[in-house]
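The values are calculated or read from the model by the stated rules, or taken from the named source; none is laboratory data. The model shown is predicted, which means the values in this text are computed figures rather than measured ones. Methodologically, a virtual Cβ is constructed for each residue, glycine included, from the backbone with ideal geometry; neighbour enumeration extends over all protein chains shown. Areas reflect the complete protein model, heavy atoms only, side chains present, ligands, DNA and RNA absent. Shrake-Rupley method; radii C 1.70, N 1.55, O 1.52, S 1.80 Å.
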Amino acid sequence: MPKQKKEVKKVTTHVLQEMKTAGEKISMLTAYDFTMAKIVDAAGIDVILVGDSASNVMAGHETTLPITLDQMIYHASSVVRAVDRALIVVDLPFGTYQGNSKEALNTAIRIMKESGAHAVKLEGGLEVTESIQRILTAGIPVMGHLGLTPQSIYKFGTYNVRAKEEAEAKKLMEDAVALEKSGCFAIVLEKIPAKLAEKVAKKVTIPVIGIGAGGGVDGQVLVFHDMVGLNNEFNPRFLRRYLNLYDDIKKAVGNYIKDVKSKDFPNSKEQY
Ligand code: KIV
């Protein structure tokens, strides 16, 4: 008899909606490659975001703007091959959906077809609702992203907290409602005051997932490399580090170098 694969209950957009209704918080982390995605999925994460933060984290760019659609598809397909349970959401890269809903649809279709991911995410409010609606016509679930939207860094000028002033807070609330009306299945809120984020989560019926947006939302997302301490140069207030891998890995590499130089490695048991 062929070995039966263990049945896993996959996380879908409907499951996320049920979690919001039941008051169960949604856990989400980024992943950009097969090995890390396998670990994150095995740990039981609900949503994996193949974020365009890969532009910073994996490629060393200063912003998320340079990453290309082909590069996003490469990262997403590596993640898809690793994952059994989590919902996989992929960022539409900068310049592939703004101001042209046909291009947005083509971009989303390429991501879904070539990577096998389950949904896409894009940044912006009212100004991208036409693109969202067009993507939805192909049956592709869309996640929105408001607040500090890194693809607009040159408009904002800094990575500081957004929507602290009343006018921007009002616009953000209107945008969240517009995203829900357009058919988004969830919204990410990045780096905005906790009180405003909580208000948004109460106003819209779809799940709201925060990063630097306090505990009053329906779930949390962090960049994987930040939460395991692989990057020790990024220290925002909202980040909780669960490991200090930068130091641990540096120490391990130092020990390896020492063992090679001293001829301690390999020993007689580590050879053929
Ligand atoms: O690209 C990314 O990692 C993101 C998260 C910060 C939400 O969009």
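Annotations for the structure displayed:
- Among the residues making up the stretch 247-257, those that are over 13 Å from Gly229 (Cβ atoms) and either open to solvent by less than 90 Å² (accessible area, probe 1.4 Å) or in contact with a Gly (Cβ under 9 Å, 6 or more places away or on another chain) (or both) are Ala252, Val253, Gly254, Asn255, Ile257.
- Check on Val57, farther than 27 Å from Met173 by Cα and either more than 15 Å from the ligand (Cβ to nearest atom) or surrounded by fewer than 24 Cβ atoms within 10 Å (Cβ to Cβ) (or both): yes
- One residue from Gly95, Gly125 being surrounded by fewer than 17 Cβ atoms within 10 Å (Cβ to Cβ), modelled with pLDDT of 95 or more, assigned by TED's automatic domain parsing to the domain that holds Ile26 and within 19 Å of Leu146 (Cα to Cα): Gly95
- Counting only helices (runs of 4 or more DSSP H) that sit completely within the stretch 26-99, those holding 3 or more residues that are of a type in the set (A, V, I, L, M) correspond to 34-42, 69-80.
- A residue that is closer than 18 Å to Val89 by Cβ, more than 14 Å from the ligand (Cβ to nearest atom) and assigned by TED's automatic domain parsing to the domain that holds Gly183 occurs nowhere in the stretch 221-235.
- For the stretch 218-246, the set of residues classified as part of a helix (DSSP H, G or I) and open to solvent by 80 Å² or more (accessible area, probe 1.4 Å) consists of Tyr246 only.
- Applying the condition of being surrounded by 13 or more Cβ atoms within 10 Å (Cβ to Cβ), within 17 Å of His225 (Cα to Cα) and polar (S, T, N, Q) to the stretch 4-51 and asking which residue is nearest to the ligand (Cβ to nearest atom) yields Thr30.
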